[in-house]
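Read-outs: derived from the displayed coordinates by stated rules, not from any lab. As the structure is a computational prediction, the values presented were derived from the model and not from experiment. Quick reminder, even Gly has a Cβ in these numbers, built from the backbone with ideal geometry, and neighbours come from all protein chains shown.
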Amino acid sequence: MPASTGLSRVDGQPLSDFDHVRQSLGVIFTTRLTSRVLARTFGSAIPGLLGQPLTPADLMKFYLAIVIAVELWEPRFVVTSIAYPDASNSPKALGQGRFGVRIAGGYRPNALAGDFTVAAAVSVIL
């Protein structure tokens with residue numbers, strides 16, 4: 001039996017295991033803090049950082065926002081590194097305001113039950 005299940009926000013099809021976690025991370029990263037009426041602290045600071053210059057200080061804020069959001073809201077994933085893959089960050093893409101990151105980490109399928117053992121190394125590309 002899968003450790004976690006849910007439905008796809010796109011097509012309503014069942015999701016399980018890390019696919020469900022990947023979708024959850026997407027929801028967390030795209031939800032602006034204070035935007036949910038009954039869950040004001042849910043989400044991340046990432047939407048508020050979009051459109052900022054790509055300075056080293058702003059990149060550090062972006063990375064920090066990712067780690068904090070994951071630590072607060074998704075116990076089934078632990079961040080081990082954040083990098084920006086060359087393929088998704090060409091000069092043309094950056095000039096158009098598109099910036100991609102790869103978040104590597106560990107999948108902890110039983111974290112909701114209190115078992116924080118990492119079962120697999122996984123990555124998410126934003």
About its Cα centre, how strong a charge dipole does the chain have in debye, to the nearest 20, once Lys and Arg get +1 and Asp and Glu get -1 at the Cβ? 340 debye
Taking +1 at the Cβ of each Lys and Arg and -1 at the Cβ of each Asp and Glu, which of S123, P56, N110 sits farthest along the dipole of the chain towards its positive end, judged by Cα position relative to the Cα centre? P56
What would the Debye formula give as log10 I(q)/I(0) at q = 0.13 Å⁻¹ for the alpha-carbon point model of the range 1-67, no solvent? -0.48
Please compute, for the alpha-carbon atoms of the range 5-125, the extent along each of the three principal axes and give them in descending order in Å. 42, 34, 30
Sorted by average packing, counted as other Cβ atoms within 10 angstrom per residue and highest first, what order do 15-24, 51-60, 97-106 take? 15-24, 97-106, 51-60
How do V122, V70 line up, fewest other C-beta atoms within 10 Å first? V122, V70
Taking the 0 to 90 degree range and rounding to the nearest ten, how far is the long axis of helix 17-30 tilted relative to the main principal axis of the chain, both from C-alpha atoms? 40 degrees
